[in-house]
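Undergrad: Please read through the structure below; I'll follow up with questions.
Each reported figure results from applying straightforward, stated rules to the coordinates on display, with no laboratory input. Bear in mind the structure is a predicted one, so any value in this text is a computation, not a measurement. In this analysis, Cβ positions are derived from the backbone assuming ideal geometry, glycine residues included, and neighbour counts consider all displayed protein chains.
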Amino acid sequence: MTPDLPTRPVKPASSSRQGILLGLAVLLVIVFSLAPVLWQILTSLKVNEDISQLPNIYFPSRYTLEHYTEILHRRPFVNYLFNSSLVAIVSTLLCLGIGSPAAYALARLHLPGEQIILAVVLIVTLFPYILLFLGLLEIVQALHLANNYLALIIPYTAINLPLTILVMRSFFQQLPKDLEDAAKIDGYNTLQLVWQIVLPTTIPALVTTGILAFIFAWNEFIFALTFITRESMKTIPVAAAQIGGSTVFEIPYGPIAAATVLGTLPLVLLVLFFQRKIIQGLTAGAVKG
Amino acid sequence: MFKANTLHDREQRTGWLFVAPALILLLIVFAYPIGRAFWLSLLTKNLGTNLKPVFTGVGNYSRMMGDGRFWQSLGNTAFFTAIAVTVELILGMGVALVLNQSFRGRGLARTIAILPWALPTALIGLSWTWIFNDQYGVFNDILMRLHLIEVPANWLGEPTLALLATIAADIWKTTSFVAILLLAGLQSIPQDLYEAHAMDGASPWQSFRQITLPLLMPQILIAVLFRFAQSFGVFDLIKVMTEGGPAGATEMVSLYIYATVMRYLDFGYGAALVVVTFLVLIVGVAIAALLLAKFRTRISGD
């Protein structure tokens, strides 16, 4: 990762006390953000006796991978990872494929009623999914889509459309129009224009939007909980939440911790590599809209 | 004869072609379920009884009036939302102010600070359930080492504590979202404003009150708008941490809707609950949007 270049000239700290205060504040932010995750990672690597040791052990003398081997070998967590990846990737691609043309039309083609469409898209981003699941459940039942990946792919595509449209539209608006005008004079029709001229310049914005859509799809819970009941087709968040022991008294804390670490790992990697893109996309989607 | 096929017409047709798939999908996944809920809420339809749906008008709504469990869940949701959004706003502002300073490793600090937002809420719920575990939980352990409590508290087993624990988890999860939005706003405030103000002898606190807060108001309102809507529909976290217990102390409207539909198979009443939640949300959003429009015109006005 490249260090951030200061966007404005760095003012020399007027006193070292201020520097120390800032350092403490930064440390506080980092501890606040990381501590729960680190505790879960530590739990996933502890042996069972250490997990249930009182007072808690913060620096164990032995580490183990047994909880990971348990969820990967004795439980179908490879399956769950595959399901989550499949559903998230397919819905993200669909969303970009459907959302970007719409965003382009709303940015460039002066459609009558585009203000209304945009307002609807904005309001829709605010709907909690609990308001949708009853109606969607009826559709899923009527079309016999229960335990079918489409029951997740279609809603996930839709819930990411508003964000895609808003982010991509603000991108298209910043794109210089000269290129497109020149192409029009050369006789390109709108479809050729978008496919051959606009699309290649769009890749960075598509990546930004795609990352956000992937995150939302990977994290979705209520539809996955309701529309998929077959064990082999569950996604990671639902499967992890449903790990239980044979009795209430033997909750498998180790495997649960390992499952949460495994399920969050892809997202941690995304954040590590694309931090700036994520921030850009989120602010473009929320603020400029 | 047909009208001449002008460039403009062709462009418009392509435009609608581009927009149509997205609009159709949004209609199916967003508009249909909400519209359907309005209609279903007027019926008595219970999959558990095998009876044919009967039109009962406002029957479901009058039942809701006397339904103590509904009012309790609405109260819980309002309390949860009010506390969570307020604390997130204050903490998020603090985080944004820190991350807006210049220091070495700022990029890494920002990366770490957005991590909680990116992680799956259901899995985060599992982490916090473990942290608040009454026997082996690290939260009790820390409190006891600091001698703040003598015996371990049953965080998820006592009504008030459980509500506070779920709020704490929600605050951890979404403070970073607020911070990202506010940070973007902070970066757009020109630095010379502060320098001029400091030369006039203003303290940092005065600068914050007189420059930062007013100029940041649009971002603050957007953050509140988003967080209000999300928090009012909070589901994943509660479902995983407490399932609405103990004794309904953390049951939010969303969990009541889910139980009504999935456990009691009462689609008609569930739909009525959906409609009421939707209307409450719309009113809240409208108020925030009005405030936002007011601030925007005020800022661009002078």
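Undergrad: Could you check the simple spin-label distance between B:Q135 and B:A202, using points 7 Å along Cα→Cβ, in nm with one decimal?
TA: Between B:Q135 and B:A202, the simple spin-label model gives 5.7 nm.
Undergrad: With a length cut of 20 Å (Cα positions projected on each helix's long axis) and a Kyte-Doolittle mean of at least -1.0, go through chain A and give me the DSSP H helices that pass. Please report the intermediate quantities before stating the final value.
TA: Details: long enough: A:16-45 (40 Å, 1.77); A:77-108 (45 Å, 1.28); A:150-174 (36 Å, 1.22); A:199-219 (29 Å, 1.40); A:253-287 (40 Å, 1.37).
Qualifying helices, which must be both long enough and hydrophobic enough, are A:16-45, A:77-108, A:150-174, A:199-219, A:253-287.
Undergrad: Something else about it: When the chain is fully extended, how far beyond the present Cα-Cα distance does A:L265 get from A:I251, taking 0.36 nm per residue of separation?
TA: Numbers: separation 14, 0.36 × 14 = 5.04 nm, distance 2.28 nm.
The A:L265-A:I251 span can extend by a further 2.8 nm.
Undergrad: Hey, what do the phi angles of region B:170-181 turn into as Karplus ³J(HN,Hα) couplings, whole Hz, using 6.51/-1.76/1.60 and θ = phi - 60°, x for Gly and Pro?
TA: Here the 3J(HN,Hα) series is 5, 4, 4, 5, 10, 4, 5, 4, 4, 4, 4, 4 Hz.
Undergrad: Which length gain, in nm to one decimal place, applies between A:L28 and A:E231 when the Cα-Cα distance is subtracted from 0.36 nm times their residue separation?
TA: So the extension gain works out to 69.0 nm.
Undergrad: If one computes the Cα centroid of region B:202-230 and of region B:234-302, what distance in Å separates the two points?
TA: 24
Undergrad: Here are some pairs, A:K277/B:K294; A:K234/B:K173; B:K45/B:K239; A:K277/B:K173; B:K173/B:K294; which of them have Cα atoms lying more than 28 Å apart in this structure?
TA: A:K277/B:K294; B:K173/B:K294
Undergrad: I need the phi-derived Karplus couplings for region B:242-250: 6.51 cos²θ - 1.76 cosθ + 1.60, θ = phi - 60°, integer Hz, Gly and Pro marked x.
TA: 9, 6, x, x, x, 6, x, 5, 10
Undergrad: Same structure again: Principal axis lengths of chain A from Cα atoms, whole Å, largest first?
TA: Dimensions of chain A along the principal axes of its Cα atoms: 75, 68, 31 Å.
Undergrad: In percent, what relative contact order does chain A have, based on Cα pairs under 8 Å that are 6 or more apart in sequence? Walk me through the numbers before you get to the answer.
TA: Numbers: 252 pairs, mean separation 87.7, N = 289.
Result for chain A is 30 percent.
Undergrad: Same structure again: Arrange the following residues from fewest to most other Cβ atoms within 10 Å of their Cβ: B:M217, B:M65, A:M233. Working shown, then result.
TA: On the way: B:M217 18, B:M65 9, A:M233 23.
Ranking B:M217, B:M65, A:M233 by Cβ neighbours within 10 Å, fewest first, gives B:M65, B:M217, A:M233.
Undergrad: Reported to two decimal places, what Rg/Rh ratio describes region A:16-64 when computed on Cα atoms with Rh from the Kirkwood expression? Don't jump to the answer; show the numbers that get you there.
TA: Working: Rg = 15.4 Å, Rh = 12.7 Å.
So for region A:16-64, dividing Rg by the Kirkwood Rh gives 1.21.
Undergrad: Compare B:G66, B:G284, B:G75 in a GNM of chain B, Cα atoms joined below 10 Å, and give the one with the largest fluctuation.
TA: Taking springs between Cα atoms under 10 Å, the residue moving most is B:G66.
Undergrad: Amide H to amide H under 5 Å from B:L43: which residues, 5+ apart in sequence or cross-chain, H placed 1.01 Å off N in plane?
TA: Residues meeting the criterion, in which the H sits 1.01 Å from N, are B:T56.
Undergrad: If each of A:F59 and A:Q141 carries a label point 7 Å out from its Cα toward its Cβ, how far apart are those two points in nm?
TA: So the two model labels end up 5.8 nm from each other.
Undergrad: Please compute the length gained on full extension between B:L97 and B:L17, using 0.36 nm multiplied by the number of residues separating them and subtracting their Cα-Cα distance. Walk me through the numbers on the way to the answer.
TA: Working: separation 80, 0.36 × 80 = 28.80 nm, distance 4.49 nm.
Contour length minus Cα-Cα distance gives 24.3 nm.
Undergrad: Just to confirm a number: summing +1 for Lys and Arg and -1 for Asp and Glu over residues other than A:E66 whose beta-carbon lies under 14 angstrom from that of A:E66, what do you get? Please list the in-between numbers first.
TA: Values: positive: A:K46, A:R62, A:R74, A:R75; negative: A:E49, A:D50, A:E70.
Charge balance in the 14 Å sphere: +1.
Undergrad: Scaled to the compact-protein estimate 2.2 N^0.38 Å, what is the alpha-carbon radius of gyration of region B:68-301, rounded to two decimal places? Numbers along the way, then the final one.
TA: Values: Rg = 20.6 Å, N = 234, 2.2 N^0.38 = 17.5 Å.
Cα Rg divided by the expected 2.2 N^0.38 Å: 1.18.
Undergrad: Starting from the Cα of A:Q18, step 7 Å along the direction of its Cβ; do the same at A:Q242; then give the gap between the two resulting points in nm.
TA: 5.7
Undergrad: When only alpha-carbon atoms are used, what values of Rg and Dmax, in angstrom, describe the protein assembly as shown?
TA: For the protein assembly as shown, the Cα-based Rg and Dmax read 25.4, 90 Å.
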